[in-house]
Amino acid sequence: MVPRTTVPSATPSAGASAVTVRVRHAEHVMGTVVSFDVPVSARHDGSLDAAIRWLHWVDRVFSPYRADSDVSLLARAEVTVEACAPEMAEVLAACAFVRDLSGGYFTATPGGQFDPSGYVKGWAVERAAALLAGAGSADHVVNGGGDVQCAGGRGPNEPWRVGIADPFRPGRLALVVAASDCAVATSGTAERGSHIIDPHTGRPASGLASLTIVGPSLALADAYATAAFAMGPARARDWTASLDGYAAFAITGTGATWHTPGFARHIAV
Amino acid sequence: MRRAILAVTATVAGLVALLSFKTHSSSERTVASPEPSASLPPGERAITGNVANTAYGPVQVQVVVATSKIVKVNVLEQPQSTSRDLQIGQFAFPKLIGETLSAQSARIDSVSGATYTSGGYIKSLQSALDNGA
Amino acid sequence: MATAVGPRALLAAIAAGAVAVLALWWHSTLSLAGLGGWLTGAGEILGLLAGYAVVVLVLLMARIRPIERAVGADQLARWHAMGGRYVIGLISGHALAITWGYAVTAHTNPVSETATLLTTYPDVLMATIAWFLLLGVGAVSARAVRRRMSYETWYYLHFYTYLAIALAFSHQFAVGASFTGSLVTRFWWSALYLVVAALVLWYRIAVPVRDFARHQFRVAGVRQESPHTVSIYVKGRHLKELAAEPGQFFRWRFLTRGLWWQSHPYSLSAVPSDELMRITVQGIGDHSAALARLRPGTRVLAEGPFGAFTPVRTGRSVLLLAGGVGITPLRAMFAALSGTVTLIYRASTWQDIVFQSELDAIAEARGATVHYVVGSRRDFGADPLSATALRQLAPGLHRMDVYLCGPPGMTGSAVTALTQAGVPRRRIHYESFEF
């Protein structure tokens, strides 16, 4: 079992002398690390634990790397959708929606093998954040391996500041986004190499180095980012501009950047 | 033919004259004036430049400084009305800003990037943040 | 040639407009730096000048009566032709400088910048099409090409310039740096275009239609003057209102099959009365043959009068020098002039001489002198219109006003001879329609 790391930090809220204690937690799950930034009340009322348990449950049910997960069983057609957890039907419906919206560039069956991970990770993190909100937290950040769901801000009238990693220079940022009650999801080649496959060609998508989507739901933002990245620069630009309520920022292979009109108001730096 | 050469020469000479006059005239300088800002942590100052009226529209930039290092750049106003504005703004501002940032000085709360593995996490920016940097 | 005042005043007005346009650029540009800034700035200046110059070119050809009277149709056509070549250069320079300048500023290569401009910048595609249209019209107007096609073909192709101006107009406001930020500038620029458009509609369409209705021009009759020359008598009502002066011409459109789609300029060959005008046409070919067959009663659309080739009353003696068909306007002047007049009529053969009986009658009635100089140069052994010969035919030549009309070669050598004979340039008046 990988050790948990928990670090309390005191964030002064502007204009007041009171201090809200906040807690940071990093949980290794789903093949990556999910980072939490929550008020200390979430630790005391059990919502942080509930969110962590939720993530592990999603891992057990949806991981394509576990032979006994519902996803693996469904992929081998050893079980029907009805026999799986009710959340499976919800995930499948959402994948179908994004697939249709993106003209097939997002798919739950990459390379013919059933694997809804492109949607599941963002969805799981979004649900975890919802658990925290349900318990009363107004300001928190949940970052699932680079896909971030934010609620509230770091202070009154001060949104969370989410940096976008520079795909060409590890350890540096390309941009900082002001996020308040929204999600920031990035698809790219930086960490794992060309792992995003274009479903239409079966080969790695090229042309973009990184594509970030900002919008209300992390589940959709994550799926949109995956789809848009697979589309390549030309199609991605027009398609992301057409998304209602979601904006995009992209870094191409040559280092040039573009963003859709709605993204400008999120730029913090 | 001689008239054509004369016309071309006169046009080029006229262009050069007009353009060089404009190159020597001074552009609007942004004069930074210190502004106290109640919402910034102690030790940081926000400096707002004057609005620079360019031919394409107004541009105003605000810089946040901590111990003589720029930690934040806000573009308060930029021309947005024509395709040319958007084309220039789209690469100019992020490029300008990205060049000066590193995770530590940018005071960010989280990092969004391509998915990292558990192993990759350890070396990542997010790990540094989670560990109290 | 008209007096010198008209042309100079018009040129001064055009130049003043150009200065105002440059001032517009100056006012709307704060500063520029670097290669990209210079290229873009040059492109903006060239574009503004081109946008202004096309309006000037249209104005020159709008047949605005006061301007035509002061400057002369031939001079206006020559300026238009020269200006047209220059404007195409301005537009091409503008397109290239802007594309290159934008590419440098945006750190891309000119090819991808071209694609960006054509696909994402509003109205630039239309403006580019307009550019190519004008290049085409320019190519077709080159003398070498124009010679190979009928005048009508070239004339109707030339109308594509209007389409080009319409296509290119909107990109000025959509992407032009001097216009995007200023409603006032856009207003005045639009006003300029609208005023010129209104003038074109008025003078080229409304006025001819109005005159046609008012004066009811019809062919009265046709007379063969010589094997290749035919006179057409055109009757009408209230012709005095046209105030046509001897030496002027009209543009004639005979509304009958085969001729209605052509418009030709012919000078009045006699002083018009209130009910009758006469033109005389020389030529070989289908058109002249068709004119000879005109039936009385045929309606005519007559546009005019035009031309600055009219007698200036100075009190001096006058020499009229006609070559071939150039006798036409001079015949009208010969009848109308007062004072001492000498007419020298040059032709290759006696068959080409027209109006001989009329000319002799006029000469006798008013005590004028007519010299018929007929024969080829070989017959004479020397130039029969050399400076010496002219001085002999018209004693006191250097003190006269000279009016000259004939084929281009003849007018050219005649001007040289007259100058050699001591006639000051400003007293040699002629009309030349070559451009």
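Residue check: is residue A:111 in contact with a His (Cβ under 8 Å, 6 or more places away or on another chain) and at positive phi? In short, no. Of the candidates C:342, C:349, C:314, the single residue that is exposed (fewer than 14 other Cβ atoms within 10 Å of the Cβ) and over 27 Å from the mean Cα position of the chain (by Cα) is C:349. Quick one: would you say residue A:141 is closer than 20 Å to residue B:118 by Cα, of a type in the set (A, V, I, L, M, F, W, C) and part of a helix (DSSP H, G or I)? Here the answer is no, as residue A:141 does not meet what is asked.
Residues in the stretch A:31-42 that are farther than 22 Å from residue A:181 by Cβ and either surrounded by fewer than 20 Cβ atoms within 10 Å (Cβ to Cβ) or not hydrophobic (A, V, I, L, M, F, W, C) (or both): A:31, A:32.
Taking the residues in the stretch B:9-36 that are modelled with pLDDT under 55 and facing chain C (nearest Cβ under 9 Å) as candidates, determine which candidate is surrounded by the fewest Cβ atoms within 10 Å (Cβ to Cβ). Taking the candidates together, the pick is B:26.
Among the residues making up the stretch A:134-151, those that are under 17 Å from the mean Cα position of the chain (by Cα) and either surrounded by fewer than 21 Cβ atoms within 10 Å (Cβ to Cβ) or more than 8 Å from every other protein chain (Cβ to nearest Cβ) (or both) are A:140, A:142, A:144, A:149, A:151. Could you look through the stretch C:31-80, keep only residues that are of a type in the set (Val, Ile, Thr) and either in contact with a Gly (Cβ under 6 Å, 6 or more places away or on another chain) or more than 19 Å from residue C:166 (Cα to Cα) (or both), and pick out the one that is nearest to the other protein chains (Cβ to nearest Cβ)? Going through the qualifying residues, I end up with C:45.
Against the test of being closer than 17 Å to residue C:91 by Cα and of a type in the set (S, T, N, Q), the options C:178, C:190, C:182 yield a single qualifying residue, C:178.
Within the stretch C:124-154, the residues that satisfy the criterion of being part of a loop (DSSP other than H, G, I, E, B) and among the aliphatic types (A, V, I, L, M) are C:142, C:149. Restricted to the stretch A:152-177, and to residues that are part of a strand (DSSP E or B) and either surrounded by fewer than 19 Cβ atoms within 10 Å (Cβ to Cβ) or in contact with a Cys (Cβ under 8 Å, 6 or more places away or on another chain) (or both), which residue is modelled with the lowest pLDDT? The qualifying residue modelled with the lowest pLDDT is A:155. Of the residues making up the stretch A:61-76, not a single one is in contact with a strand residue (DSSP E or B) (Cβ under 9 Å, 6 or more places away or on another chain), of a type outside the set (Ser, Thr, Tyr) and part of a loop (DSSP other than H, G, I, E, B). Where helices (runs of 4 or more DSSP H) fall wholly inside the stretch C:176-280, the ranges with 1 or more residues that are surrounded by fewer than 14 Cβ atoms within 10 Å (Cβ to Cβ) are C:183-200, C:207-215.
The values are calculated or read from the model by the stated rules, or taken from the named source; none is laboratory data. All values derive from a computational prediction rather than experimental measurement. So basically every Cβ, Gly included, is an ideal-geometry build from the backbone, and we count neighbours across all protein chains shown.
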